[in-house]
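Worksheet for the structure shown next.
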Amino acid sequence: MSAPQAKHFRAERFDFWSFFFSGLTGLATLFIIGILAVILVNIVYNGWSGLSWHFISTIPQKDFFDIKTTGVLPMIVGTAFRVIVMTIFVIPVGVITAIYLTEYAANNSIITRIIRAAVNNLAGVPSIVFGLFGLGFFINFVGKNMDKLLHNPSAVWGQPALIWASLTLAVMTLPVVIVATEEALKAIPPGLREASLALGATKLETILRVVLPQALPGILTGGILAVSRAAGEVAPILFTGVAYYMASLPHHVTDQFMDLGYHVFVLSTQSPNIEQTRPLLYATVLVLLVLTFALNIVAIIIRARVRKKLRALG
Amino acid sequence: MSSNTEQRRRSAGWLGIHRGHQARPAEWLAEKFIFLVSLSAIAMVLLIFLFVAREAIPVFFGETNTALVQPTIPVAEMDKHSPAELQRYLDLTPEQFKSVSRETKLELMQGKIDEQNEVPENFRNDPDARINTTDWKYLLQAHQWNGYDQPEHIWQPVGQIKKFNLLPLFAGTLKITLIGLFFAVPLAIGAAIYVSQLARPRVRETVKPVIEMLSGIPSVVVGVFALIVMASALQNIFHYQTRLNAFVAGLALGFAVIPVIFSIAEDALTSVPRAYTQAALALGASRWQTAWQIVLPAALPGVFAATVLGFGRAIGETMIVLMVCSASVMSWNVFDSARSITTTIAAEMAEAVNGGPHYRILFMLGALLFAATFVSNMIGDFVIHRFKNKLEGKR
């Protein structure tokens, strides 16, 4: 925390440059917050009027550029479906990796450092490269070989599908889950572990019964952040499963799907009449923003609490 | 536990499986399982590189051929050529070549001849039509194409003669990225200095998560905002010709990069030991003098790393640039359009034939992008690691 005495010793004579530059950095901060506010206000203000129950619960026709008849139900369902499938894959792998890194790994061994470097790198890989990876690995390699092994007469797995989009996103969000879980695990006082071990529990029992339940809010944060990040991403699913239009909702993991983020992209770039589509576009953006942003805010609140706890422990 | 030897005996059981109440095979198995799963992050990085590069290998080794007019081999002369030659001629992989029957090969050869017969008359005598445009020379150097006044770098993957010069894409990526960083770096670092050094704790506690929220906005949403609101507003200020251009894209990209640079720089500035600040303040320096002359120099490696990582994030951003500008124009004017590598991949993959030259070149661009971000990540992490170690050592 800041030193309390500093306030009293603050420069007493008026220093113009100090004042000027402090003001400048303050303005930079205000400007960034201003950008955020302008984006949010612009979207909420313009998108509000387009929202209705009909809009959210309607499956649109092929020509979906008219706000009076169209809806976003298949996009909401598609986005939710792909994100849920992703969570099933990414949470266990991410949590187990974090457990290894905090509970088992020696802090400076080569393998730990390589794992950490890999996690950091994975977080920095461009999302479009994940899309290429999904196409090159999941569809062209795994999917095509599955078709061959199962003797499918036509491509079932070896084509863009919801499962491949979800797996691609799972790889992309792995670092998010790992980092959040690690933070949560570190926030647990070592005394708890020691007490459990002293009572005769094994290390695994300690982790499963004492450490993990304590870390649950942190793991939840990781999951929510991953979901929120994945729900808004479009680039990785472009080649791995998203469809421009589907007449029905996806009901199997090998189906293609419509997606909110991709739909926003389609509405904003491929509309025949930009002025007419604008209210529809704003309403769709608002739905997307509410879904991703609400999750994000929840995650930030939980995370702030975890951090406070961590700081209290020193 | 009584003696050393007993301890050693207990810790080194068969295959590492201990005896006693805390030694169960299930526990041992679970530990190994946890270790194996934790290797998945490494596996993923390797797989990404392998499978993105794998699709691009033929381009790297000059095995793709896009020449419109190619010499043909008459069907009757099949046996005069070696299998390796035929395999390359028919664009087959070695496995495909082995599994395909002789009749099919003959059919494929006939297909090649039919294909050549279909080439429009006006291309027959065009020297450009004989060029393999995926050759490294044509990927990187300017070429005097038929109908152009001077040698030019052209990316034009459609039409009869497909031109794949990569330089316009590199230049476009660099241009948009630099505009974005030029805008984002001062703002983000200024805000980081303010939040970590000058603001009161209560302001800091609220401002920090708010700026982090900016990273929670999906990039398509920023793209929509740039496309509709920013493009028009900036046009009213600067009166440029092309409404959607590299400048608008760069600014919008800046929004996406600001939270990345901010949070790393803020972290670096906060981790400068409090003793430094307190000593400076005690000697009579003002808050700003302390921040500018003491804290910032001490945290400079971290701030540099933040910029490098921001750069990595910026060259990889796809949707914003895809929505805001797309035409590949080779120019250094910030108000001209530009096309980035990511945009090219996203926009053209759908129309590229699976396994064709265009498809392979897009994968090669992806591999280059991966390599570029890999390097910038490594530099950034290395610098941060060293910086933290140094601070801890001094403390």
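The values are calculated or read from the model by the stated rules, or taken from the named source; none is laboratory data. Remember, predicted model here, so these are calculated numbers, not experimental data. Counting neighbours? That spans all protein chains shown, and the Cβs are built from the backbone with ideal geometry, glycine included.
Since A:Ala201 meets every condition but one in (1) surrounded by fewer than 23 Cβ atoms within 10 Å (Cβ to Cβ); (2) of a type in the set (A, V, I, L, M); (3) under 27 Å from B:Ile42 (Cβ atoms), which condition does it not meet?
Answer for A:Ala201: the failing condition is (3).
Kindly indicate the residue of the stretch A:204-238 that is polar (S, T, N, Q) and farther than 30 Å from B:Ile217 by Cβ and also surrounded by the fewest Cβ atoms within 10 Å (Cβ to Cβ) among those meeting that condition. Full working, then the answer.
Just the residues of the stretch A:204-238 that are polar (S, T, N, Q), to begin with: A:206, A:214, A:221, A:228.
Among the residues that remain, those that are also farther than 30 Å from B:Ile217 by Cβ are: A:206, A:214.
Details: A:Thr206: 19, A:Gln214: 16.
Among them, the one singled out is A:Gln214.
Among the residues of the stretch B:34-60 satisfying the criterion of being among the β-branched types (Val, Ile, Thr) and at the interface with chain A (Cβ under 7 Å from one of its Cβ atoms), which is farthest from A:Leu204 (Cα to Cα)?
The qualifying residue farthest from A:Leu204 (Cα to Cα) is B:Val52.
Mind listing whichever residues of the stretch B:306-344 are within 16 Å of B:Leu178 (Cα to Cα), small (Gly, Ala, Ser) and in contact with a helix residue (DSSP H, G or I) (Cβ under 6 Å, 6 or more places away or on another chain)?
Listed by number, the residues that qualify are B:Ala306, B:Gly310, B:Gly312, B:Ala314, B:Gly316, B:Ala338, B:Ser340.
Only residues that are of a type in the set (A, V, I, L, M) and either in contact with a His (Cβ under 6 Å, 6 or more places away or on another chain) or part of a helix (DSSP H, G or I) (or both): list them for the stretch A:133-160, please.
A:Leu135, A:Ile139, A:Val142, A:Met146, A:Leu149, A:Leu150
List the helices (runs of 4 or more DSSP H) that sit entirely inside the stretch B:104-223 and contain at least 3 residues that are within 14 Å of chain A (Cβ to nearest Cβ) and over 21 Å from the mean Cα position of the chain (by Cα).
The helices (runs of 4 or more DSSP H) meeting that bar are B:167-193, B:201-214.
Would you point out the residue of the stretch B:52-68, among those that are β-branched (Val, Ile, Thr) and crowded, with 17+ Cβ neighbours inside 10 Å, that is nearest to B:Leu90 (Cα to Cα)?
Result: B:Thr64.
Give B:Asn125, B:Asn146, B:Asn117 a once-over and let me know the one that is without any contact (Cβ under 8 Å) to a residue 24 or more places away in the chain, of a type outside the set (A, V, I, L, M, F, W, C), loosely packed, with under 15 Cβ neighbours inside 10 Å and in contact with an Asp or Glu (Cβ under 7 Å, 6 or more places away or on another chain).
Matching residue, one of B:Asn125, B:Asn146, B:Asn117: B:Asn146.
Out of curiosity, is B:Ala346 within 22 Å of B:His153 (Cβ to Cβ) and within 10 Å of chain A (Cβ to nearest Cβ)? Explain how you work it out, then say what you get.
Numbers: within 22 Å of B:His153 (Cβ to Cβ): yes; within 10 Å of chain A (Cβ to nearest Cβ): yes.
Spelling it out, B:Ala346 is indeed within 22 Å of B:His153 (Cβ to Cβ) and within 10 Å of chain A (Cβ to nearest Cβ).
Residue-wise test of (1) among the charged types (D, E, K, R); (2) at the interface with chain A (Cβ under 10 Å from one of its Cβ atoms); (3) over 23 Å from B:Glu392 (Cβ atoms); (4) assigned to a loop (DSSP other than H, G, I, E, B).
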{"position": "B:Leu244", "(1), (2), (3), (4)": "no, no, yes, yes"}
{"position": "B:Phe247", "(1), (2), (3), (4)": "no, no, yes, no"}
{"position": "B:Gly254", "(1), (2), (3), (4)": "no, yes, yes, no"}
{"position": "B:Val260", "(1), (2), (3), (4)": "no, yes, yes, no"}
{"position": "B:Pro297", "(1), (2), (3), (4)": "no, no, no, no"}
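Can you tell me which residues in the stretch A:98-115 are of a type in the set (A, V, I, L, M, F, W, C) and buried (at least 16 other Cβ atoms within 10 Å of the Cβ)?
Matches in the stretch A:98-115: A:Ala98, A:Ile99, A:Leu101, A:Ala105, A:Ile115.
Restricting attention to the stretch B:60-70, does a residue exist that is at pLDDT below 85 and not in a loop (DSSP other than H, G, I, E, B)?
yes
For the stretch B:256-311, name all the residues that are closer than 21 Å to A:Leu30 by Cα and among the charged types (D, E, K, R).
B:Glu266, B:Asp267, B:Arg287
Pairs needed: first member in the stretch A:254-270, closer than 22 Å to A:Ile139 by Cβ; second member anywhere, assigned to a strand (DSSP E or B); C-beta distance under 6 Å; at least 6 residues apart or different chains.
Here the result reads A:Asp259/A:Val242; A:Tyr262/A:Val242, each pair linking the stretch A:254-270 to a residue that is assigned to a strand (DSSP E or B).
Any idea how many residues of the stretch A:239-255 are of a type in the set (S, T, N, Q) and surrounded by fewer than 20 Cβ atoms within 10 Å (Cβ to Cβ)?
Summing the residues that are of a type in the set (S, T, N, Q) and surrounded by fewer than 20 Cβ atoms within 10 Å (Cβ to Cβ) in the stretch A:239-255 gives 2.
Kindly indicate which of B:Val334, B:Val383, B:Val353 is buried (at least 18 other Cβ atoms within 10 Å of the Cβ) and outside any helix (DSSP H, G or I).
None of the others qualify; the one that does is B:Val334.
Those residues that are surrounded by 15 or more Cβ atoms within 10 Å (Cβ to Cβ), part of a loop (DSSP other than H, G, I, E, B) and without any contact (Cβ under 8 Å) to a residue 24 or more places away in the chain, I need them from the stretch A:30-59; list them, please.
The answer is A:Thr58, and nothing else.
Quick check on this structure: which one of A:Gly94, A:Gly131 is within 12 Å of chain B (Cβ to nearest Cβ), closer than 21 Å to A:Ile207 by Cα and at pLDDT 90 or above?
Every option except A:Gly94 fails the conditions.
What helices (runs of 4 or more DSSP H) completely inside the stretch A:161-241 contain at least 3 residues that are among the hydroxyl-bearing types (Ser, Thr, Tyr) and within 18 Å of A:Val129 (Cα to Cα)?
Output list reads A:162-186.
Within the stretch A:275-298, can you find the residues that are among the β-branched types (Val, Ile, Thr), at the interface with chain B (Cβ under 9 Å from one of its Cβ atoms) and surrounded by fewer than 21 Cβ atoms within 10 Å (Cβ to Cβ)?
Scanning the stretch A:275-298 gives a single hit, A:Ile297.
Going through the stretch A:127-165 one residue at a time, which ones are free of Cβ contacts under 8 Å to residues at least 12 places away in the same chain and touching a helix residue (DSSP H, G or I) at 6+ places or on another chain (Cβ under 6 Å)?
Passing the criteria: A:Val129, A:Gly136, A:Phe137.
Look at A:Lys203 and say whether it is farther than 30 Å from B:Trp28 by Cβ and either more than 12 Å from chain B (Cβ to nearest Cβ) or charged (D, E, K, R) (or both). Steps first, please.
Working: farther than 30 Å from B:Trp28 by Cβ: no; either more than 12 Å from chain B (Cβ to nearest Cβ) or charged (D, E, K, R) (or both): yes.
So A:Lys203 does not fit the description; no.
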